[in-house]
Amino acid sequence: MGAVGIIAEYNPFHSGHDFLMNQARIIAGKDPIIVVMSGNYVQRGEMAIMDKWARAKAALQSGADLVFELPFSTAVQAADLFSLGSINQLAKLGVTDLIFGVEDANLNFTYLGQKIAQIPRNHMDFKDYSQTYSTQYNQMIAREVGYEVNQPNAILGLAYAVANYNLGEPLKLHPINRIGAGHDDLLNREHIVQSASAIRNILLHNEDKEQLKTWLPKLEASELIKQPIYPNWNILFPFLKYRLESSSIEELQKIYQMSEGLEYKMKQEIHLAQTFTEFLRHVKSKRYTYSRLRRLSLYTLLNVTQDDMINSFNDESLMLLGFSKTGRQFLKKNRKNIQTEIVSKVDKRSAKDGSLGLQVRVDRLFEELLHVDQNFGRRPVEV
């Protein structure tokens with residue numbers, strides 16, 4: 001049995017994701033579709049709008065056969081590490097093909113990934129502090145490869161291609177043209193597909209939530225509409241403020257990716273800021289993107305240290321969130337060939353160390369907000 005893979009956040013799962021799932025089914029045929037999905041925290045440094053179990057269930061109901069939770073140490077990372085960890089886990093699971101949505105599927109991502117991966121490392125030693133790392137990286141790619149890529153999904157697709165090349169090209173890449181709204185487009189009722197950010201804005205600004213049934217699976221929309229609270233930085237900001245004000249400089253210096261004196265800047269600006277947006281604006285410089293600062297704020301809030309991440313990298317097991325009959329058969333037939341530890345039930349032993357231990361710890365805050373257990377006592381969703 002082969003398998004087709006998807007890397008996802010599903011924050012939340014919407015009609016565009018359903019379209020990509022259908023395209024994956026065309027390629028997979030009778031083979032399973034395996035999704036590795038960010039858990040309760042996502043790449044841009046935010047809490048997911050809906051918990052990982054509900055999002056996994058929506059993916060399974062749309063046609064996925066197995067949904068695994070990406071470890072926090074992979075899920076909340078810049079594009080290169082996010083892609084490397086995700087591709088690596090799919091390959092260990094026995095996935096042979098990767099499906100991903102992009103703005104222009106005519107680009108030869110495999111070729112561009114090979115070219116970018118072969119650029120000498122000293123060409124990436126960026127020291128221009130007047131521009132962000134990502135800006136300098138994209139400019140370097142344009143110089144070296146002769147093609148400028150500046151659309152968000154294409155940039156992520158290239159990161160997948162580079163990671164795949166660096167891992168020995170275990171996966172065949174299948175870019176698929178996105179339909180409907182762009183990555184961060186505002187709500188446009190003429191589109192059959194809305195951006196995930198537009199959907200989140202409806203929820204966060206308490207707009208007419210019933211309209212979500214137009215763009216989300218009905219069961220998922222119903223669950224979201226009745227959800228009592230939607231995790232976001234406005235809710236989390238007072239906790240971040242407490243963490244920064246009560247922590248010493250020495251404690252902050254241990255936080256993952258705290259560098260170049262950011263601990264001093266964050267501690268200084270937190271006193272004056274009244275909102276998270278204002279805080280980011282005060283800390284922001286030409287050196288850092290907002291996504292980088294949101295991730296750092298999340299690491300700080302959750303007290304995720306450099307040692308925590310290193311220990312997690314060295315022991316990345318995968319939490320099974322859900323499966324179909326086909327998915328169960330795949331796991332049974334390929335048990336000996338799967339090269340990663342799969343956890344279907346969290347107990348005190350499995351949650352003690354490594355990526356699962358970190359996952360359980362950071363999920364505690366999510367549980368406090370939604371009052372729903374996220375790990376202990378939970379079993380994979382079956383459809």
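The values are calculated or read from the model by the stated rules, or taken from the named source; none is laboratory data. Note that this is a predicted model, so its numbers are computed, not measured. Don't worry about glycine lacking a Cβ; one is built from the backbone with ideal geometry, like all the others, and counts go over all protein chains shown. Heavy atoms of the whole protein, side chains included, go into the accessibility calculation; ligands, DNA and RNA do not. Shrake-Rupley method; radii C 1.70, N 1.55, O 1.52, S 1.80 Å.
Considering each residue of the range 100-114 in turn, none proves to be of a type outside the set (S, T, Y), crowded, with 16+ Cβ neighbours inside 10 Å and over 24 Å from the mean Cα position of the chain (by Cα).
Can you pull out the residues in the range 360-383 that are in contact with a strand residue (DSSP E or B) (Cβ under 7 Å, 6 or more places away or on another chain) and open to solvent by less than 40 Å² (accessible area, probe 1.4 Å)? Selection gives V360, V362, F366, N375, P380, V381.
Of the residues contained in the range 314-323, one or more are found to be more than 17 Å from the chain's Cα centre (by Cα), modelled with pLDDT under 95, over 25 Å from W53 (Cβ atoms) and of a type outside the set (A, V, I, L, M).
Can you name the number of the only condition in (1) in a strand (DSSP E or B); (2) touching a Ser or Thr at 6+ places or on another chain (Cβ under 8 Å) that F68 fails? Failing condition for F68: (2). Name the residue, out of I199, I235, that is more than 29 Å from Q151 (Cα to Cα) and open to solvent by less than 80 Å² (accessible area, probe 1.4 Å). Selected residue: I235, the only one of I199, I235 that is more than 29 Å from Q151 (Cα to Cα) and open to solvent by less than 80 Å² (accessible area, probe 1.4 Å). Of everything in the range 295-352 that's touching a Pro at 6+ places or on another chain (Cβ under 7 Å) and not hydrophobic (A, V, I, L, M, F, W, C), which residue is surrounded by the most Cβ atoms within 10 Å (Cβ to Cβ)? Per the criteria, the residue is G322.
Suppose we filter P217, P228, P238 for residues that are farther than 24 Å from G357 by Cα, of a type outside the set (F, W, Y) and modelled with pLDDT of 95 or more; which single one remains?
Working: P217 fails: modelled with pLDDT of 95 or more; P228 fails: modelled with pLDDT of 95 or more.
Selected residue: P238, the only one of P217, P228, P238 that is farther than 24 Å from G357 by Cα, of a type outside the set (F, W, Y) and modelled with pLDDT of 95 or more.
Consider the range 14-52 and keep the residues that are within 18 Å of D184 (Cα to Cα) and among the small types (G, A, S). The one that is most open to solvent (accessible area, probe 1.4 Å) is S15. Among the conditions (1) part of a loop (DSSP other than H, G, I, E, B); (2) open to solvent by 20 Å² or more (accessible area, probe 1.4 Å), the only one that S222 does not satisfy is (1). Among the residues of this structure, R189 does not count as one that is touching a residue at least 40 places away in the same chain (Cβ under 8 Å), more than 15 Å from L369 (Cα to Cα) and of a type outside the set (S, T, N, Q).
Within the range 258-278, is there a residue that is closer than 22 Å to R361 by Cα, of a type in the set (A, V, I, L, M, F, W, C) and either in a loop (DSSP other than H, G, I, E, B) or free of Cβ contacts under 8 Å to residues at least 24 places away in the same chain (or both)?
First pass over the range 258-278, keeping only residues closer than 22 Å to R361 by Cα: 258.
Then keep just the ones that are of a type in the set (A, V, I, L, M, F, W, C); that gives 258.
Now drop any that are not either in a loop (DSSP other than H, G, I, E, B) or free of Cβ contacts under 8 Å to residues at least 24 places away in the same chain (or both), which leaves 258.
Taking every residue of the range 258-278 in turn, at least one turns out to be closer than 22 Å to R361 by Cα, of a type in the set (A, V, I, L, M, F, W, C) and either in a loop (DSSP other than H, G, I, E, B) or free of Cβ contacts under 8 Å to residues at least 24 places away in the same chain (or both).
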